[in-house]
1. Can you confirm whether residue 81 is surrounded by 18 or more Cβ atoms within 10 Å (Cβ to Cβ), out of contact with any strand residue (DSSP E or B) (no Cβ under 8 Å at 6 or more places or on another chain) and modelled with pLDDT of 80 or more?
2. When you go through 189, 223 one by one, which is the residue that is out of contact with any helix residue (DSSP H, G or I) (no Cβ under 6 Å at 6 or more places or on another chain) and at pLDDT 95 or above?
3. Could you figure out which of (1) within 15 Å of residue 314 (Cβ to Cβ); (2) touching a residue at least 40 places away in the same chain (Cβ under 8 Å); (3) outside any loop (DSSP other than H, G, I, E, B); (4) in contact with a strand residue (DSSP E or B) (Cβ under 8 Å, 6 or more places away or on another chain) isn't true of residue 218?
4. Among 205, 293, which is touching a helix residue (DSSP H, G or I) at 6+ places or on another chain (Cβ under 8 Å) and free of Cβ contacts under 8 Å to residues at least 12 places away in the same chain?
5. For residue 169, work out the one condition from (1) closer than 27 Å to residue 93 by Cβ; (2) buried (at least 16 other Cβ atoms within 10 Å of the Cβ); (3) more than 23 Å from the chain's Cα centre (by Cα) it doesn't fulfil.
6. If you go through segment 305-338, how many residues are more than 18 Å from residue 184 (Cα to Cα), without any contact (Cβ under 8 Å) to a residue 12 or more places away in the chain and surrounded by 13 or more Cβ atoms within 10 Å (Cβ to Cβ)?
7. Would you mention how many residues in segment 36-66 are free of Cβ contacts under 8 Å to residues at least 24 places away in the same chain and over 28 Å from residue 87 (Cα atoms)?
8. Do the conditions hold for residue 295, that is, is it under 19 Å from the mean Cα position of the chain (by Cα), within 18 Å of residue 214 (Cβ to Cβ) and modelled with pLDDT of 95 or more?
């Protein structure tokens, strides 16, 4: 029997620890040293398994898969290997990008520095408890974890019986298509710019939280001005994705020139747009984006003229992270509710609802709105047409309420038209002629 250590080839040896009956293999592949139990006490069998293990590890290395050292295996290492497997597939499905985004932006940050031995059902439940997931996001996350489980089992990193169990996950109810009401929006716009100053239990926010909150304030304006979907549609945009285009026209024989800023949305729900959709950015949206650049790139002299040359992700902080802004906005709205400033539940998605509803009320063509926000006319009609029922003109027409005549009568009598609740809604022709004459005389001497 081998006493302690036997070299079989370069970078390959077997050995047996004192007081242990089984052999171990010591292998070096691509600079990584691996020590694994061969789980056999027979010397010849141990040698055979050692050669077999080295061959398996070298094949993994050739395929570009991660070679895991024996001492500590981290969840992040496993996820990176799963991502490599996705990238190596011949047919690249659109959903793979969604999986990789969830891995990179959510699962890896949460399980950073977590070893596989601590990758438990409880830890996974903690992850899901900290998320507000729609049905779609819930299903994407579940698939991501199943891919991790499959990899752990297939690569024999964890025994099948030791694989964590995916906890039951409740998805959020589908959000109602509610826009901000005027008073609540005014309250949000007043307090959000100062939210970074808010203390918790007498303690000031740390510099990372302060930066997250400052970015949220500008991000909120961008969402409100563009109606883009939160998450995927904007999270992948870089400053240099924004293009400046000169626009010239004549007005009263004068040449007017101004800059239009355009950006192409290529991520998220853009399946109907083969190459994405291009949207124009308002001056408020541009100013908010410039402000973010100034917050996250303080070492540079950022101006309206040079911000588009940065290749940094727009929402990436100065310390290289992208926050879960939906969670921070919830913290903010909870703060407003605690102080009795608002009492309605809102999410960042309410910005999109507000944008669409506002444009509909302004009379913007519904087809143009649909193209701009990456939706369909049918979808907008289905979810947003209820705004018409809140418009006074439509209320009046549905209730047969002759508001114009009542308001005119109120002016002539110097009272509020609401005092005329008992007035019949329809005037006779004779009454209308009389009222018109009174109005003509009134406005003649009250210009």
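The values are calculated or read from the model by the stated rules, or taken from the named source; none is laboratory data. Note that the structure is predicted; figures quoted are calculated from it, not measured. As a convention, Cβ positions derive from the backbone with ideal geometry for all residues, glycine included, and neighbour counts pool all protein chains shown.
1. yes
2. Criteria check complete, one pass: 189.
3. (4)
4. The match here is 205.
5. Failing condition for residue 169: (3).
6. Adding up the residues that qualify gives 1.
7. Of the residues in that region, 8 qualify.
8. It is false that residue 295 is under 19 Å from the mean Cα position of the chain (by Cα), within 18 Å of residue 214 (Cβ to Cβ) and modelled with pLDDT of 95 or more.
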